[in-house]
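Structure first, then comments.
The values are calculated or read from the model by the stated rules, or taken from the named source; none is laboratory data. Values in this document were obtained by computation on a predicted structure and should not be read as measured data. In this analysis, Cβ positions are derived from the backbone assuming ideal geometry, glycine residues included, and neighbour counts consider all displayed protein chains. When the accessible area is computed, the model is the full protein with side chains, heavy atoms only, and any ligands, DNA or RNA have been set aside. Shrake-Rupley method; radii C 1.70, N 1.55, O 1.52, S 1.80 Å.
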Amino acid sequence: MDSHLLRRTFLDFFAAREHVVVPSASLIPHDPSVLFTVAGMVPFKPYFLGEEMAPFRRATSIQKCMRAGGKHNDLDQIGKTSRHLTFFEMMGNFSFGDYFKEGAIPFAWKLVTEVLGLDPERLWVTVHLSDDDAEQIWLETTGVPRERIQRLDEDNWWQMGDTGPCGPCSEIYYDKGAEYGAEGGPAFGSDDRFLEIWNLVFMQYDRQRDGTLVPLPRPCIDTGAGLERIVPILQNHRSVFDTDLVYPILEEAQSLTGASYGRDGAKDVGLRIMADHARSTTFLMADGVIPTNDGRGYVLRRIIRRLIMRGRLLGADRPMMEPLVETVVRVMGESYPEIVTAKENIVELAVREEERFKATLTLGSGILEEAISGGGVSGGVAFKLHDTLGFPIELTTEIAAERGVPVDMEAFREEMEGQRERARSAGLGSAGARGDVSAAISVLEEHGRSEFTGYESTEDEGRLVALVEEEDGLSAYLDRTPFYPEGGGQVGDSGIISGDDFRLLVEETDQLVSGVIRHRITALEGSPRVGSLVHLRVDRERRERIRANHTATHLLHWALREVLGPHVKQQGSLVAPDRLRFDFSHWRPLEPEEIDRVEQLVLREVISNAPVVTEIEDKGSALKRGAVAFFGDRYQDVVRVVKAGDNSLELCGGTHLDRLGRIGMLKIVSESSIGANTRRVEALTQLEALASVQRSGRLLAGAEQIFPGGREKLLERMMAALERTKALESEVRRLRASEMARRAEELSRSAVGNSVVARIDGMSSSELRELALALKRYAVVERAVLAGAYDGKAVMVGMVRDQDGESASDMIRPVALAVGGGVGRQRELAVSGGRDLARLDDALRDLIAGLQQ
């Protein structure tokens, strides 16, 4: 059975048993606790936690997963084993308070034995030490003999965290045979022989803070069957790398490097790494991850560079990324059409990253090789490779370990901490948390979700259901509200809540738990009371400007994709009342002509005054219609689709105008880089855009007054003036250097012994420094102190030629102290100054007298 048929067979089996087939979610999860989607249950986590109501009782999916980076990291195992992969597919079936063990166990057994045809005599089962129920169901419903059911402890217990949903699990293992190792079943036999192929998680308890297990009112089922574990069994291969999932990519790696798979263990590791990493690169980029220096982008960059390094070590002397990506698309594209659609963009990004790494690879390899030949890689060398040349530290340690050479990781970490400290000092530290969710969860449990009515109106009546005193102020929760909570890049609403005898200022609105809207308030009059009926009024003018900027953001996103290409994907946004900001994937600055074209496309849409239509529909059908999903947003299965004019179609929960003409105009005011392959555009709309254009017009008019002659050739006249200024500045520098040389020569002739001490007024400290350097060219002068009055203060510079004797700081210290100044510890050249100018002459005379003794 090939892998495509296995996918269809699995989904069809559960669809026939009333499971809703849920398409794979992105590898970029909405769960901030994990870097990537690491398991099939991750997209369903809000349902298991009770944060959201599941829209179905039963579901099945084949989920794209990634375990590389963060706390779920298999990267270092890749290539060394026959089963580890960074990118993999997790087949699963899920029950949300519907069937439990009595359904999950027979489903799994029937599919594995009757549908997939695995030999029941080669299957083993494990259950938790405490789970008598599961063992009994296995015995009664499947016929598995008791001697092939084993009890495990921690390996058969699943929990989401220290508290919350948890429960026992039960696993199915396949016995690959005596040639793979010792017998004894999963509990006592060889890991290579007994291969776990399916894990059934029985989510039946809620662990309290004191460790108590409280039964859940609606137990759930979460199962995961590794597709890459089952395919080798069905295709009678020893390893996933020999199957139709990976071997064609492995063949391409052999072609690129000239290495042959299966002849050399060390080379096999490298080839397996190349094949695995090509898969990971393709799927990560298809889901919008781009190479950067932090987070997911750093993991992707490390994966690509690891692949390239392995290819080079195996003998590859030509570009690798394009043929490898194209092979992955050919192998996997039928099941994942998104990588076919994104292929051109993936290839372009991957090739650019390969070229970028090649530029430093030769230099970096030389530095690393030199360190390895010396018997060890110091922390400083490792840090230079990592920070300056882009060698991931993991790659350095991996190569060094293979050569039997240590890396001083303690010194490396000290270098990294020093860098982080410098960043913190520069104000680059991370922001604090947005607040404690416990209050919002309590509101959810007691009162349910807030009904948001702000799409239809900016005013409404509601009931105040909770007031919460938090560290930074008071928060109000209501049963219904027109206040939009911050989300999807759009800032939250502000306004007024009025009761019979109190008025509250709503300063901002957000939601820490989905659907529970928090109003951050300040009391203007009276004291609010829980249970009060209130009138809620959003600041309508502010909301209108936010709506204009949000709708304009959609047009901007569309226009950027039109001008730059379909690789443009949102990486972040801000929709505020006074401006909008849009971050997107792109690898170079926009040309002025491109910015003009984007503005023109947006303005054309605005002039059309086309309607903005919002529809509620199934997410799958919306995506098939071409709707664009925004990065980082969580979408339900039923979504809001915003159609802004004839060209922009996006999934969006924000507030929008009803017609494009109300945007007025859009003006891009800045375009910049915010990281590798990520650009940021900031723009204004409506009156703010007009004000920006007017400011530019006034600046232009002012420039025209300075450079008269009409606007048509204004730039030419300004450039000509700039060139004349540069020429004059160059001439001034030449004359100044000549004057400094002349004065230095005069001073050298006035030297007493080998010393020069002189008062020279009217020169700044930098000019005195320049003169001292000129004086240093004369061998007769071994040391000098030049001082004078400048801008009402004393300034001075000291110079010495002999580095073994008195320092420049020592030379000028008596003079500096006399005029109320200080001095550092400079050896050859020291600068100082002070406010007590009246004492300068006496101090210089004392210095001369001291030198003459």
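Quick notes on this structure:
- The modelled label-to-label distance for the pair A703/Q600, using points 7 Å beyond Cα in the direction of Cβ, is 2.1 nm.
- Length released on extending from E723 to S190, taking residue separation times 0.36 nm less the Cα-Cα span: 184.0 nm
- Kyte-Doolittle mean at least -0.5, axial Cα span of 30 Å or more - DSSP H helices of the chain: 265-286, 343-373, 686-706
- Divide the volume of the convex hull around the Cα atoms of the range 777-853 by the residue count and you get 86 Å³ per residue.
- Charge dipole magnitude, Cβ of K and R +1, D and E -1 - the range 326-396, Cα centre, debye nearest 20: 140
- Average 1/r across all pairs of distinct alpha carbons in the range 684-810, invert it, and you get the Kirkwood radius: 18.6 Å.
- Farthest toward positive dipole pole in the range 64-209 [+1 Lys/Arg, -1 Asp/Glu at C-beta], among T81, L139, Y205: T81
- Model label points for R734 and S260, set 7 angstrom from Cα along the Cα-to-Cβ axis, are 7.1 nm apart.
- Taking all Cα-Cα distances within the range 229-270, those exceeding 16 Å account for 38%.
- Those lysines that a straight Cα-Cα span of less than 24 Å connects to K110, excepting residues fewer than 8 apart in one chain: K101, K176
- The alpha carbons of the range 468-528 give a radius of gyration and a Dmax of 11.3, 35 Å, in that order.
- Stretchable slack from R759 to N609, in nm (0.36 nm times residue separation minus alpha-carbon distance): 46.6 nm
- Look at where the Cα atoms of the range 809-848 and of the range 84-103 average out, and the two centres are 78 Å apart.
- Rounded to the nearest 20, the size of the Cβ-charge dipole of the chain about its Cα centre is 2940 debye, with Lys and Arg at +1 and Asp and Glu at -1.
- Selected from L728, A25, T551, residue furthest toward positive end of dipole (the chain; charges at beta carbon): L728
- When the helices of the chain are scored as -39500 (n - 2.57) per DSSP H run of n ≥ 4 and the total is divided over every residue, the value at 222 nm lands at -12500 deg cm²/dmol.
- Rolling a 1.4 Å probe over the heavy atoms of the protein chains gives the chain an accessible area of 46 Å² per residue.
- Dipole in debye (nearest 20) - the range 686-784, about Cα centre, beta carbon charges: Lys, Arg +1; Asp, Glu -1: 180
- Hydrodynamic radius of the range 438-549 per Kirkwood, over alpha carbon pairs, in Å: 13.8
- Share of carbon and sulfur in the accessible heavy-atom surface of the range 527-579 [1.4 Å probe, %]: 46
- When Rg and the Kirkwood radius Rh are both evaluated on Cα atoms of the range 494-592, their ratio Rg/Rh stands at 1.17.
- Here the translational diffusion coefficient of the range 645-703 follows from Stokes-Einstein with Rh set to the Kirkwood radius across Cα pairs; for 4 °C and 1.567 mPa s it amounts to 91 µm²/s.
- Hydrodynamic radius (Kirkwood) for the range 33-178, which is based on Cα pairs only, to one decimal in Å: 17.2
- Normalised per residue, the volume of the convex hull around the Cα set of the range 567-683 (Å³): 112
- Whole-angstrom gap from the range 249-283 to the range 135-152, using each part's C-alpha centre: 41
- Debye intensity ratio in log₁₀ form over the Cα atoms of the range 659-737, taken at each q of 0.17, 0.23 Å⁻¹: -0.89, -0.99
- Dipole of the range 52-160, positive end: most advanced residue of H128, M66, W109 [Cβ charges, Cα centre]: M66
- Of every Cα-Cα pair in the chain, the percent that sits beyond 41 Å: 55
- Whole-number D in µm² s⁻¹ for the range 226-339, Kirkwood Cα-pair radius fed into Stokes-Einstein, 25 °C, 0.890 mPa s: 170
- Subtracting the Cα-Cα distance of V214 and V693 from their residue separation scaled by 0.36 nm leaves 166.1 nm.
- Percent carbon-and-sulfur accessible area, the range 81-168, ignoring ligands, DNA and RNA, probe 1.4 Å: 44
- Here the range 26-116 has an Rg and Dmax of 15.2, 42 Å, counting Cα atoms alone.
- Each part gets one Cα centre, and for the range 505-559 versus the range 1-76 those centres are 34 Å apart.
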